Amino acid sequence: MTAAAQAIGGVSLLIWIVMLTARGGFWRARERDDQPGPGSPPRNEPAPPLSGADAWPAVTAVIPARNEAASIAQAVESLLRQDYPGPLRVVVVDDHSTDGTAAMAQAAAAGAGAAGRLQVLAGAPLPSGWTGKLWAVRQGIAAACADNGGGPDQDGAPDFLLLTDADIAHAPDNLRHLVARAMAGSRVLVSLMARLRCDAWFERALIPAFVYFFQMLYPFAWVNRRDRRIAAAAGGCMLVRRAALEAAGGIDAIRGEIIDDCALAARLKSQGAIWLGLTRRAVSVRPYDHLGEIRRMVARTAYAQLDYSPLLLAGTIASLLLTFVAPPLLALFASGGAQGLGALAWLLMALSYQPMLRFYGRSPLWGPVLPAVALLYTAFTFDSAWQHWRGRGGMWKGRAQAPR
């Protein structure tokens with residue numbers, strides 16, 4: 001038993017050493033949308049060729065919305081109040097809402113004195129083979145490209161599309177910084193991981209870990225390198241070059257994807273450079289006050305990430321237990337060398353969590369609690385598979401969207 005415990009402790013420690021030294025520095029959380037000052041280009045990048053208002057490309061923001069009355073007004077108003085110097089329009093696709101989402105969006109535009117720059121589109125019936133969100137996005141893009149209010153292209157289509165969500169509030173300078181980064185680096189996609197709400201107790205306990213695990217899965221430093229195949233994006237805020245999207249097959253090419261943001265990023269990275277980073281300029285206002293709400297958020301996509309494979313599910317659960325749960329168990333209940341190995345792995349784990357805790361303004365004492373949080377996320381991952389087996393995979397806004 002002692003030899004087995006020592007072997008488990010040694011493997012766990014080795015995993016953490018490798019992750020901290022050879023996983024793109026994901027735990028440092030250094031890829032951020034921090035810039036020297038308003039309107040400045042990103043650090044260490046040349047200034048974009050934008051000398052006046054006429055030089056800024058036309059942008060249309062597309063918001064798919066299904067029963068989002070609680071947040072749509074804040075999202076729309078934040079976009080219409082951008083200090084962006086170029087042409088900007090907003091298209092909201094009302095995906096058969098029953099709570100007055102469309103009316104709330106229109107009222108927000110009127111309150112911002114920009115009703116003429118908002119188009120609210122009633123969504124068409126959902127066709128077979130599409131997820132609801134992507135079908136709404138496709139309709140919004142089609143409307144944006146039909147007429148963008150006098151953009152520079154002869155076909156009236158905007159140069160960039162800002163694909164965002166109905167629960168994302170944008171700082172007034174967010175779009176300007178997004179476009180500057182895209183232009184400076186000739187990027188086809190610039191995506192920001194919106195800062196998720198972290199007010200309620202369960203949010204404070206689980207949300208920083210959600211972003212930490214996402215970065216572990218998709219190290220942002222690797223995503224942002226052209227010589228790495230790994231690609232990812234955060235669906236709440238994605239600035240996309242329209243021409244690159246069309247060359248990649250458009251939204252139709254990913255019509256059935258549950259993890260649509262990362263699927264889109266993979267398509268676009270074949271067209272050019274992409275960039276993904278943390279930000280405080282885009283903030284999610286969606287509350288996750290209860291454990292069940294966070295469970296549903298994770299369960300919607302976790303099994304899709306594993307390609308709906310029971311074998312990958314079993315391997316993932318085993319690796320999560322070995323990586324996150326075994327170290328504290330050994331440190332607390334083993335003895336001798338196994339206890340020391342477990343304690344050291346637990347220490348490295350807690351230290352790796354500190355940059356993300358600082359980003360979210362949480363106490364460093366949450367670091368040693370990461371194994372318990374990881375155990376909950378392991379349960380959420382199994383629940384994701386369970387929901388799929390029940391025919392309720394990819395459940396969102398009352399629709400099960402995962403392939404059967």
Among the residues of the range 304-342, what is the count of those that are among the polar types (S, T, N, Q) and outside any helix (DSSP H, G or I)?
2
Only one of 278, 370 is over 30 Å from residue 72 (Cα atoms) and at pLDDT 95 or above, namely 370
Would it be correct to say that residue 124 is assigned to a helix (DSSP H, G or I) and at pLDDT 95 or above?
no
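Residues checked against (1) assigned to a loop (DSSP other than H, G, I, E, B); (2) under 17 Å from residue 63 (Cα atoms); (3) not β-branched (Val, Ile, Thr):
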site	(1), (2), (3)
194	no, yes, yes
199	yes, no, yes
227	yes, no, yes
233	yes, yes, yes
243	no, no, yes
256	yes, no, yes
Which condition breaks for residue 363 when tested against (1) within 24 Å of the chain's Cα centre (by Cα); (2) within 20 Å of residue 201 (Cβ to Cβ); (3) touching a residue at least 12 places away in the same chain (Cβ under 8 Å)?
(3)
Tally up the residues in the range 64-87 that are surrounded by fewer than 24 Cβ atoms within 10 Å (Cβ to Cβ), within 23 Å of residue 175 (Cα to Cα) and in contact with a helix residue (DSSP H, G or I) (Cβ under 7 Å, 6 or more places away or on another chain), please.
8
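The values are calculated or read from the model by the stated rules, or taken from the named source; none is laboratory data. In this text the structure is predicted, and so the values were computed from the model without any measurement. As a convention, Cβ positions derive from the backbone with ideal geometry for all residues, glycine included, and neighbour counts pool all protein chains shown.
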